[in-house]
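Report on the following structure.
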Amino acid sequence: MAWLFSGRGIRYSKMAMSMKDVQLYCTSVVSGRKHVNSVDLFYQQTGTGEHAVLLLPGALGSAQTDFGPQLKSLNKERFTVIGWDPRGYGRSRPPDRDFPLDFFERDAQDAVDLMQSLSFPRFSLLGWSDGGITALIAAAKNPSLINKMVVWGANAYVSPEDLQIYNAIRDVSQWSERMRRPMEEVYGAELFVKTWEGWVDGIGQFAQRPEGSICMELLPLISCPTLIIHGQKDPMVPSFHPQYLLKHIKASSRTILHATQPGKLMCGWRTTRSRP
């Protein structure tokens, strides 16, 4: 992670937080909601460093389910770390989540506008899985705002092999109880099933686009330094996806993580959530 966090970082205007907007936890993590693009987006923030970093969770994920270790352990003097729950996920409800064809672009716009509303003029992105895709789009469309970026478990298109993987995990009753429980605690069993099936259908619709593109055409527009991480045992993202990102993002480099369990290693820390 020294790669991402090297250098002087950035300066930003510290936002003024009222007790009405923000709740202070004993862990020094503050939480609040910002009204962004007609939705109240939930976020968590910790640290006072000059380098602002936004954490972007995976499908159905939230700051707490996906990034608990990072909110706790990243250097709070060097970084200001913001985790968020995308619209329809976690505590950014209502509304319930839907998956129109532009849902990744919508998340990217929400993420950027949230950071602007929190008075961070420039920031870095750490995105995994769907959050990695969202980060790619945000960086491509807002080059002047993004400092650096790390993505892992992300893909710029949906292949026939991907569709087989998604359909194989559609039925959450076939998941282990350990995998279902965190999501059921957030959504309840019924809404979790409905939202997950909506995600499988939503991601699958990209297969109908030319070359299955999610954001292939945007990758050459990414100008910030980008680290692409791939877990060798990632069960949902074949290795040809990080290879494609590396080839088409001009300022990118790549590393491979060797994990004892699929989907568990993230940038030197264990993530809160694993792959199905």
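The values are calculated or read from the model by the stated rules, or taken from the named source; none is laboratory data. Treat the numbers as computed from the prediction; the structure is a model and nothing was measured. Positions of Cβ are generated from backbone atoms using ideal geometry, with glycine treated the same way; all protein chains shown enter the neighbour counts. Note: accessible area is taken over every heavy atom of the protein model, side chains too, but ligands, DNA and RNA are not part of it. Shrake-Rupley method; radii C 1.70, N 1.55, O 1.52, S 1.80 Å.
Scan segment 93-106 and tell me whether some residue there is more than 14 Å from the chain's Cα centre (by Cα), open to solvent by 10 Å² or more (accessible area, probe 1.4 Å) and more than 30 Å from Val172 (Cβ to Cβ).
no
In segment 52-80, which residues are of a type outside the set (S, T, N, Q) and closer than 16 Å to Ala135 by Cβ?
Those that are of a type outside the set (S, T, N, Q) and closer than 16 Å to Ala135 by Cβ: Ala52, Val53, Leu54, Leu55, Leu56, Pro57, Gly58, Ala59, Gly61, Ala63, Asp66, Phe67.
Take Ile133 and decide whether it is crowded, with 18+ Cβ neighbours inside 10 Å, in contact with a Cys (Cβ under 6 Å, 6 or more places away or on another chain) and closer than 17 Å to Lys250 by Cα. Lay out the reasoning, then the answer.
Working: crowded, with 18+ Cβ neighbours inside 10 Å: yes; in contact with a Cys (Cβ under 6 Å, 6 or more places away or on another chain): no; closer than 17 Å to Lys250 by Cα: yes.
No: the conditions fail for Ile133.
Report every pair of residues separated by at least 6 positions or lying on different chains whose Cβ atoms are under 6 Å apart, first residue within segment 71-86 and farther than 20 Å from Ala108 by Cβ, second open to solvent by less than 50 Å² (accessible area, probe 1.4 Å) and assigned to a loop (DSSP other than H, G, I, E, B).
What qualifies is Leu71/Val29; Lys76/Gly47; Glu77/Gly49; Arg78/Gly49; Phe79/Gly47; Phe79/Gly49; Thr80/Gly47; Thr80/Gly49.
Identify all residues within segment 72-95 that are aliphatic (A, V, I, L, M) and at pLDDT 95 or above; write none if there are none.
Within segment 72-95, the subset aliphatic (A, V, I, L, M) is 74, 81-82.
Passing the criteria: Val81, Ile82.
Suppose the filter is over 15 Å from Phe103 (Cα atoms), open to solvent by less than 20 Å² (accessible area, probe 1.4 Å) and within 20 Å of the chain's Cα centre (by Cα); does Val151 pass it?
It is true that Val151 is over 15 Å from Phe103 (Cα atoms), open to solvent by less than 20 Å² (accessible area, probe 1.4 Å) and within 20 Å of the chain's Cα centre (by Cα).
Can you pull out the residues in segment 40-59 that are under 19 Å from Met183 (Cα atoms) and within 10 Å of the chain's Cα centre (by Cα)?
Leu55, Leu56, Pro57, Gly58, Ala59
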